[in-house]
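Data block below; observations after.
The values are calculated or read from the model by the stated rules, or taken from the named source; none is laboratory data. Just so it is clear, the structure is predicted and the values come from calculations on it, not from any experiment. A quick note on method: Cβ atoms are made from the backbone with ideal geometry, for glycine too, and the neighbour counts reach across all protein chains shown.
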Amino acid sequence: MPSRSLVLFDIDGTLLRTEGVGIAAMLRAFTTLHGDRGFSFEGVEIAGALDGLLFRRLMEAHGLLPHDEAHEKFRETYRAELDRTLTPAKIRRMPGAAELAAALDTQGAAVGLLTGNYEETAQIKIRAAGYNHTLFPFGAFGADGPSRRHLTPVAMARAAAHHGRAFEPARVTIIGDTPLDVDCAKAHGCRAIGVATGPYSSSQLRDAGADLAVENLADTEELLRWILAL
Ligand SMILES: [Mg+2]
């Protein structure tokens with residue numbers, strides 16, 4: 001019998017880390033398209049932010065207009081840069097994440113993505129890290145809304161469309177490594193697991209409102225019990 005649970009995974013800092021390759025690819029895309037203007041993300045909060053928002057912030061910070069055509073060009077150039085530079089050697093899978101996603105799937109839970117990455121670059125990262133991409137057949141991505149809070153209902157609607165059944169917010173668990181992941185769950189009555197494999201400690205994630213905060217996702221059995229025991 002299918003479980004009534006839906007679990008949404010963040011990507012960067014949660015499923016994997018690209019150790020700066022993603023950010024470097026973005027900056028090279030800006031330079032390729034707009035010339036060397038000393039593009040940098042200094043002073044811009046990257047963790048948990050949406051790619052579409054990072055695009056706008058960086059364009060505006062350099063006096064460039066973030067119009068739709070420029071955004072499309074940026075997406076395509078960034079995708080090509082990431083595809084070229086993100087080799088499996090430059091990516092690390094976070095402990096236990098693949099096992100947890102597979103175990104949830106085996107238990108009949110719906111598993112998807114809720115990430116600030118564009119859909120196409122999310123897929124590049126997932127593939128480069130060696131994940132079975134069929135584990136994440138739907139998701140909400142960095143161009144699906146103006147902020148992370150907007151992505152939660154998008155992901156839930158796509159889960160419902162994919163599985164042919166709706167999921168109650170109380171049975172939706174969002175797993176992420178930043179206070180913004182926690183916020184986008186709690187804002188919609190969902191549960192949040194904070195994982196300290198990104199820039200925040202488990203106590204910071206607990207303080208941000210995570211229902212459960214863990215050092216990593218290695219304890220599959222314990223996490224399964226917590227997620228599915230509803
Ligand atoms: Mg993250």
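Odds and ends about this structure:
This table checks each residue for (1) among the hydroxyl-bearing types (S, T, Y); (2) within 25 Å of L205 (Cβ to Cβ).
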| residue | (1), (2) |
| --- | --- |
| I11 | no, yes |
| L16 | no, yes |
| G20 | no, yes |
| T32 | yes, no |
| F39 | no, no |
| G48 | no, yes |
| G52 | no, yes |
| R75 | no, no |
| Y78 | yes, no |
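- Residues in the stretch 92-103 include at least one that is farther than 18 Å from S3 by Cβ, in contact with a helix residue (DSSP H, G or I) (Cβ under 9 Å, 6 or more places away or on another chain) and of a type outside the set (F, W, Y).
- Residue within the stretch 167-179 that is in a loop (DSSP other than H, G, I, E, B) and either away from the ligand (no atom under 16 Å from the Cβ) or not assigned by TED's automatic domain parsing to the domain that holds D219 (or both) present: yes
- Qualifying residue in the stretch 80-87 (condition: of a type in the set (D, E) and in the same structural domain as I174 (by TED's automatic domain parsing)): no
- Filter result for I23 (outside any loop (DSSP other than H, G, I, E, B), of a type outside the set (S, T, N, Q), farther than 30 Å from A229 by Cα and within 14 Å of the ligand (Cβ to nearest atom)): yes
- Qualifying residues in the stretch 2-17 (those that are touching a Lys or Arg at 6+ places or on another chain (Cβ under 8 Å) and modelled with pLDDT under 95) - the one farthest from the ligand (Cβ to nearest atom): P2
- Condition met for A110 (within 26 Å of K186 (Cβ to Cβ), away from the ligand (no atom under 16 Å from the Cβ), of a type in the set (A, V, I, L, M) and surrounded by 21 or more Cβ atoms within 10 Å (Cβ to Cβ)): yes
- Of all residues making up the stretch 180-230, the number that are part of a loop (DSSP other than H, G, I, E, B) and among the aliphatic types (A, V, I, L, M): 8
- Test: A155 is farther than 15 Å from A185 by Cβ and either modelled with pLDDT of 95 or more or crowded, with 20+ Cβ neighbours inside 10 Å (or both): no
- Checking each residue in the stretch 136-152 for being part of a helix (DSSP H, G or I) and surrounded by fewer than 19 Cβ atoms within 10 Å (Cβ to Cβ) picks out R149, H150.
- Candidates H163, H188 - the one that is in contact (Cβ under 8 Å) with a residue 40 or more places away in the chain and either more than 15 Å from the ligand (Cβ to nearest atom) or touching a strand residue (DSSP E or B) at 6+ places or on another chain (Cβ under 7 Å) (or both): H163
- Scanning the stretch 26-57 for residues that are assigned to a helix (DSSP H, G or I), over 22 Å from T87 (Cβ atoms) and within 16 Å of the ligand (Cβ to nearest atom) gives G52, L53, L54.
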